[in-house]
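Right, one structure below, let's go through it.
The values are calculated or read from the model by the stated rules, or taken from the named source; none is laboratory data. Just so you know, these numbers come straight off a predicted model, no measurement behind them. Counting neighbours? That spans all protein chains shown, and the Cβs are built from the backbone with ideal geometry, glycine included. Ligands, DNA and RNA are stripped out before the accessible areas are found, and what is left, the full protein with its side chains, is counted by its heavy atoms. Shrake-Rupley method; radii C 1.70, N 1.55, O 1.52, S 1.80 Å.
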Amino acid sequence: MALNITGTTKLTGLLGSPVAHSISPMMHNMGFDLLGLDYAYLCFDVDTTNLKTAVEGMKVMGVRGFNCTMPDKNLMCELADKLSPAAEMIGAVNTVVNDNGILTGHNTDGVGYMRAVKDAGHDIIGKNMTLLGAGGAATAICVQAALDGVANINVFSIRDQFFDRAQKMIDNINKNTNCNAALYDLADKNELNKSIEQSHILTNATSVGMAPNTDRCIIEDESVFRKDLIVSDVIYNPRETKLLSMAKAHGCQTFNGLYMLLYQGAKAFEIWTGKEMPVAEIKEKYFS
């Protein structure tokens, strides 16, 4: 891959901290190269302290768009001129497009997850979901699943300082979509087991089981696993978490968060360029 930087090259990039580990530059620059687009993607280590200044600079320089990762996603909601319906409901932005100085914030994380579900060969529209966690990834998944037509979503979260915020998100979903959403305490194992029993898919959107703590699993009772249950994990390091390993041992179909990462990027690529990212080639090179 060789980028041809010209006087008309449109800049895109990633704001967050840390960002040095990100695979996004490889994904997007390969996509630009394959489609012959005069774009480039770079990473910028910017935390919330300097985000407003960085965003103002991006606007002044006419940057076409950028991604936001932690810890900048929530603050970006306040800095954008406009928000997509999903970003407004989620309360976080991971993709910004600059249209003649007007910055519109989107959230493509949920889109990425729902496309990963489809990519894995599953259809969960009109069905029930049990979702573990109420952080950024969980919120994005919950909102997008509701917007796309998942019938019922039960969210289980620890009772921490974010529990009330999660309840507001649930109330917003019930008010603005046809989905029936509810929030429960993760400590309520009876309600959790009941929800999983009635669900088509179980999704872990917490960091439990992520490297280096790969021996941890958010589900303790293996009796909840059954052959017709789909089990997914937003974690992709390791590629098979203890949760997925346990579920697979009981005959469940499983998938991890790797393709969620790919497809959230693909949606951002489309927002900036109006073109579909060549995901097949990028998947083969970086995600196989």
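Determine if region 209-226 includes at least one residue that is surrounded by 22 or more Cβ atoms within 10 Å (Cβ to Cβ) and either within 30 Å of residue 13 (Cα to Cα) or under 17 Å from the mean Cα position of the chain (by Cα) (or both). Scanning region 209-226, I find at least one residue that is surrounded by 22 or more Cβ atoms within 10 Å (Cβ to Cβ) and either within 30 Å of residue 13 (Cα to Cα) or under 17 Å from the mean Cα position of the chain (by Cα) (or both), so the answer is yes.
Of all residues in region 195-216, those satisfying the criterion of being more than 12 Å from residue 256 (Cα to Cα), among the hydrophobic types (A, V, I, L, M, F, W, C) and assigned to a loop (DSSP other than H, G, I, E, B) are 208, 211.
Restricting the search to region 227-278, which residues are in contact with a Phe, Trp or Tyr (Cβ under 6 Å, 6 or more places away or on another chain) and either more than 19 Å from residue 35 (Cα to Cα) or open to solvent by 60 Å² or more (accessible area, probe 1.4 Å) (or both)? Answer for region 227-278, where residues must be in contact with a Phe, Trp or Tyr (Cβ under 6 Å, 6 or more places away or on another chain) and either more than 19 Å from residue 35 (Cα to Cα) or open to solvent by 60 Å² or more (accessible area, probe 1.4 Å) (or both): 232, 247, 250, 252, 256, 257, 258, 260. Please work out if residue 279 is modelled with pLDDT of 95 or more and out of contact with any strand residue (DSSP E or B) (no Cβ under 6 Å at 6 or more places or on another chain). Considered against the rule, which asks whether it is modelled with pLDDT of 95 or more and out of contact with any strand residue (DSSP E or B) (no Cβ under 6 Å at 6 or more places or on another chain), residue 279 comes out as yes. Scan region 139-167 for residues that are charged (D, E, K, R), at pLDDT below 95 and in a helix (DSSP H, G or I) and the total you get is 2. Being in contact (Cβ under 8 Å) with a residue 60 or more places away in the chain, among the charged types (D, E, K, R) and either part of a strand (DSSP E or B) or open to solvent by 20 Å² or more (accessible area, probe 1.4 Å) (or both): is that true of residue 281 here? Judged against the criteria, residue 281 is a match.
Any residue at all in region 156-172 that's exposed (fewer than 15 other Cβ atoms within 10 Å of the Cβ), within 16 Å of residue 137 (Cβ to Cβ) and of a type in the set (Asp, Glu)? Taking every residue of region 156-172 in turn, at least one turns out to be exposed (fewer than 15 other Cβ atoms within 10 Å of the Cβ), within 16 Å of residue 137 (Cβ to Cβ) and of a type in the set (Asp, Glu). Scanning region 137-151 for residues that are touching a strand residue (DSSP E or B) at 6+ places or on another chain (Cβ under 8 Å) and closer than 11 Å to residue 173 by Cα yields a count of 3. Does region 227-242 include one or more residues that are over 19 Å from residue 145 (Cβ atoms), outside any loop (DSSP other than H, G, I, E, B) and among the aliphatic types (A, V, I, L, M)? Taking every residue of region 227-242 in turn, none turns out to be over 19 Å from residue 145 (Cβ atoms), outside any loop (DSSP other than H, G, I, E, B) and among the aliphatic types (A, V, I, L, M). Take the residues of region 61-119 that are out of contact with any strand residue (DSSP E or B) (no Cβ under 7 Å at 6 or more places or on another chain) and among the basic types (Lys, Arg): which is farthest from residue 16 (Cα to Cα)? Out of the qualifying residues, it is 118.
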